[in-house]
Amino acid sequence: MFQYQILMASPDTVIDLLDVQSFEMGIYLVRLTIGSKSALVYDGDVPMRFKSSQHIREAFSGIAVRAACMTHDSPYDEMIGNPSSSLTSRLPFSMVHPY
């Protein structure tokens with residue numbers, strides 16, 4: 001796990017991949033890859049929740065991000081009684097303006 005407060009205290013950190021994980025109801029979690037380590041960002045003992053894409057951009061504005069994407073796993077197949085789908089939508093995610 002990556003602790004948000006520790007990341008912010010280390011401005012020389014470079015994030016290789018910032019993966020925004022989009023869930024229903026406007027909930028976003030962030031998975032970072034730094035070097036060979038990949039993990040969710042935590043705020044204390046719980047995964048840090050973000051309310052919007054702009055909230056994520058603002059939260060990581062002080063750290064260098066090499067690449068970013070948004071991932072969305074759809075639960076709809078399971079909701080209608082079909083086997084869960086292995087299809088995952090992965091879209092580019094811009095960390096700089098204009099988006």
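Does the stretch 63-81 hold any residues that are charged (D, E, K, R) and either at pLDDT 95 or above or surrounded by 13 or more Cβ atoms within 10 Å (Cβ to Cβ) (or both), and which are they?
Of the stretch 63-81, the ones charged (D, E, K, R) are 66, 73, 77-78.
Correct list: R66, D73, D77.
Does any residue of the stretch 52-74 turn out to be more than 21 Å from S94 (Cβ to Cβ) and either in a helix (DSSP H, G or I) or of a type in the set (A, V, I, L, M) (or both)?
Within the stretch 52-74 (the criterion being more than 21 Å from S94 (Cβ to Cβ) and either in a helix (DSSP H, G or I) or of a type in the set (A, V, I, L, M) (or both)), the answer is no, since none of the residues qualifies.
Which one is surrounded by the most Cβ atoms within 10 Å (Cβ to Cβ) among residues in the stretch 35-57 that are more than 13 Å from the chain's Cα centre (by Cα) and within 13 Å of Y4 (Cβ to Cβ)?
Going through the stretch 35-57, the residues more than 13 Å from the chain's Cα centre (by Cα) turn out to be 35-37, 43-46.
Filter once more, keeping what is within 13 Å of Y4 (Cβ to Cβ): 43-46.
Details: D43: 11, G44: 9, D45: 7, V46: 8.
This residue is D43.
Inspect all residues belonging to the stretch 29-40 and state whether any of them is outside any loop (DSSP other than H, G, I, E, B) and at pLDDT below 95. Working first, answer last.
Keep residues of the stretch 29-40 that are outside any loop (DSSP other than H, G, I, E, B), which gives 29-34, 37-40.
From what is left, the residues that are at pLDDT below 95 are none.
So far as the stretch 29-40 goes, no, none of its residues is outside any loop (DSSP other than H, G, I, E, B) and at pLDDT below 95.
Give the residue that is nearest to V46 (Cα to Cα), with candidates limited to residues of the stretch 1-28 that are in contact with a strand residue (DSSP E or B) (Cβ under 7 Å, 6 or more places away or on another chain) and in a loop (DSSP other than H, G, I, E, B).
M1
The values are calculated or read from the model by the stated rules, or taken from the named source; none is laboratory data. Please read all numbers here as calculations on a predicted model, not as lab measurements. Don't worry about glycine lacking a Cβ; one is built from the backbone with ideal geometry, like all the others, and counts go over all protein chains shown.
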